[in-house]
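Chemist: Let me give you the structure first, and then I'll get to my questions.
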Amino acid sequence: MDTSKILAELRAERDQLTQAIAALESLGGPAKGVKAVAKAALVKTKASVIKRVMSAAGRNRIAEAARKRWAAVRNAKTAPVSAPAAESAQPPVSAATKKKPAKAARKTGAKRAAKTVKPETAAKQAAPVKSAAKAPKGKRRELTAAARKAMSEAAKARWAKKKAASKMA
């Protein structure tokens with residue numbers, strides 16, 4: 001097709017569209033652009049949203065209820081665990097049987113005598129396990145040169161092993 005023929009067809013279409021727009025404008029007033037329609041829709045949605053405001057007394061009631069809930073959670077965590085009903089139904093143990101656990105086990109009909117534990121061992125077993133100490137915020141622990149070198153060599157060995165495995169595959 002010739003370019004002059006294409007231009008003539010496009011101009012004819014443009015003229016038809018201009019006439020259609022003029023006819024529509026005469027019926028309903030000026031046409032609104034896309035931006036104007038979008039802005040009008042945005043204004044409507046903003047107006048329809050109602051911002052709710054809570055009174056200071058309402059905020060205080062909610063805060064107090066939250067404090068009570070968390071206090072109950074904290075108290076539940078720190079409260080001692082009560083003994084199960086089966087254990088509490090046993091008769092109280094005398095001071096003499098407390099000193100000799102093996103005899104007490106035989107008296108109660110236990111199959112095996114209780115092991116005696118040294119006080120030092122018992123203290124170690126009962127002590128809570130401490131997690132690794134964390135450095136204070138802002139300060140970082142420093143590695144010694146030997147530790148840094150060992151870590152570097154270990155990383156290099158891991159990568160060499162991975163590289164060798166990928167070559168074989």
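Chemist: Out of everything in segment 131-167 that is at pLDDT below 85 and of a type in the set (A, V, I, L, M, F, W, C), what residue ends up being surrounded by the fewest Cβ atoms within 10 Å (Cβ to Cβ)?
Modeler: Ala132
Chemist: Follow-up question, since we're still on this one. With the structure loaded, tell me whether Lys35 is at pLDDT below 85 and within 37 Å of the chain's Cα centre (by Cα) or whether it fails that test.
Modeler: Answer is no for this residue.
The values are calculated or read from the model by the stated rules, or taken from the named source; none is laboratory data. Remember, it's a predicted structure, so these values are computed and weren't measured experimentally. Here Cβ is always computed from backbone atoms with ideal geometry, including for glycine, and neighbour counts include all displayed protein chains.
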